[in-house]
Amino acid sequence: MGYGVNADDSLKEEASQREDSKKEVLRMEIESRSENEEFARVAVAVFMSRMNPTMEEIDDVKTAVSEAVTNGIIHGYQGKEGIIYIEAAVEGRELSVSVRDKGVGIRDVKRAMEPMYTSDVTGERSGMGFSFMEAFMDEIEVLSEPGKGTQVIMKKQIGR
Amino acid sequence: MVEPGFSYEARGQVLVIHLPKELDHHNCRSLRYETDLLLAENYVTKIVFDFSKTVFMDSSGIGVLLNRYKQMERSGGKVSLYGAGAQILRVLAIGGVGKLVPQYDSKEAAIADAL
C-alpha cells in the first residue's frame, strides 16, 4: 500500500502501454454515470476469467472495482460528467487494475483512506470504500493531485 | 441493469425490504428516500432485509444497512436479514454489520426474531 501526490498522466500510462508479450491488457473508458458501475465490475470479472479464478476471487475483484469506480463517480467527478479510465492487466498470476479519473482529486490521501472517513454529509455513505479495496485486494496504491484527478492501482495474486 | 431496485412488504409492524440483484451505489440511491417515507407514514418496529435475490453488494449496501440499523436503534426497533449468500456474508463481515444485524435462512425466521 502506498500514498502519492502525483496524478501526472505521463509516466504510469506510458509504462503500461509498452507492449509486453506476456501481458494481456483490457482498457476501457466509461462515462461517470452510476449505471456504469455494474458494467465496469462485470467487464473486469469477465476479463480475469482467463486466469481461472475461484468464485471468491472474482467476487473480491468485482467488489474492489465497484468501490474504486463509485469513488470516481461520487467524489472524483462529484456526480458531474466525466470519463473513468479503467485498465486491467494479467501478467502471470498477477491481476492489476487501475481506475483513474480526471476529477477534483484528493487533498489528503492518507486521511481519505482512513476507515470510516467520508466527505458525505447525508450519512448514507459508509466511508468504507478504501478499506474494502484493501480487504479484497493484495495491494493498493492511490495517486492523487487536487484539480487533476485520482488513480487507484490495485493488485491481486490469483490462484494461490 | 435498468432493473428497478426495491420492493416493500408490510407484515404488521414489520417492514420487509426485498433487495435488488445488485446492491451498489446506483441501486441504493432511491432506498433512503423510500424507506424514510415508509417509516414516517407507518408504525414500523422492525425492518427485515431480504437478500435472497441479491448476488452482489459493495460498501454502498453497508452504508444503507448501517443507517437503517441506527434509525431503528433510536426508536427502540430491530433489524434482521435473511437469504444472504457467500459474497454478501463476506462483505457484511468486513463491513462490521455481521455482528450488529442477526442473519437467518428464511423470511419467517428473520421476522420471528424481529418480534
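The values are calculated or read from the model by the stated rules, or taken from the named source; none is laboratory data. From a predicted model like this one, the values you see are computed outputs, not experimental measurements. Please note: Cβ atoms are built from the backbone with ideal geometry, for glycine as well, and neighbour counts cover all protein chains shown. The accessibility values were calculated without ligands, DNA or RNA, using every heavy atom of the protein model including side chains. Shrake-Rupley method; radii C 1.70, N 1.55, O 1.52, S 1.80 Å.
State all residues of segment B:43-72 that are outside any loop (DSSP other than H, G, I, E, B), of a type in the set (A, V, I, L, M) and within 28 Å of residue A:55 (Cβ to Cβ); if no residue qualifies, say none.
First, the residues of segment B:43-72 that are outside any loop (DSSP other than H, G, I, E, B): B:46-50, B:56-57, B:59-72.
Adding the requirement that they be of a type in the set (A, V, I, L, M) leaves B:47-48, B:57, B:62, B:64-66, B:72.
Correct list: B:48, B:57, B:62, B:64, B:65, B:66.
Scanning segment A:40-57 for residues that are more than 12 Å from chain B (Cβ to nearest Cβ) and charged (D, E, K, R) yields one hit, A:50.
Which of the residues spanning segment B:72-111 are surrounded by 14 or more Cβ atoms within 10 Å (Cβ to Cβ) and facing chain A (nearest Cβ under 10 Å)? Those that are surrounded by 14 or more Cβ atoms within 10 Å (Cβ to Cβ) and facing chain A (nearest Cβ under 10 Å): B:85, B:87, B:88, B:90, B:91, B:94, B:95, B:96, B:97. Taking the conditions exactly as written (under 27 Å from residue B:90 (Cα atoms), at pLDDT 95 or above, open to solvent by 50 Å² or more (accessible area, probe 1.4 Å) and not in a loop (DSSP other than H, G, I, E, B)), does residue A:87 satisfy them or not? Criteria not met by residue A:87.
Candidates in segment A:95-118 are the residues that are in a loop (DSSP other than H, G, I, E, B) and of a type in the set (Lys, Arg); of these, the one that is most open to solvent (accessible area, probe 1.4 Å) is A:107. One residue stands out among those in segment B:5-22 that are assigned to a strand (DSSP E or B) and either within 10 Å of another protein chain (Cβ to nearest Cβ) or out of contact with any Asp or Glu (no Cβ under 8 Å at 6 or more places or on another chain) (or both): the one that is surrounded by the most Cβ atoms within 10 Å (Cβ to Cβ), which is B:22.
Out of A:147, A:82, A:92, one residue alone is under 21 Å from residue A:25 (Cα atoms), open to solvent by 10 Å² or more (accessible area, probe 1.4 Å), of a type outside the set (S, T, N, Q) and more than 11 Å from the chain's Cα centre (by Cα). It is A:92.
Here residue A:55 does not fit the description of being open to solvent by less than 20 Å² (accessible area, probe 1.4 Å) and not β-branched (Val, Ile, Thr).
Among the residues of segment A:38-51, are any modelled with pLDDT of 95 or more and under 20 Å from residue A:143 (Cβ atoms)? For segment A:38-51, residues modelled with pLDDT of 95 or more and under 20 Å from residue A:143 (Cβ atoms): present.
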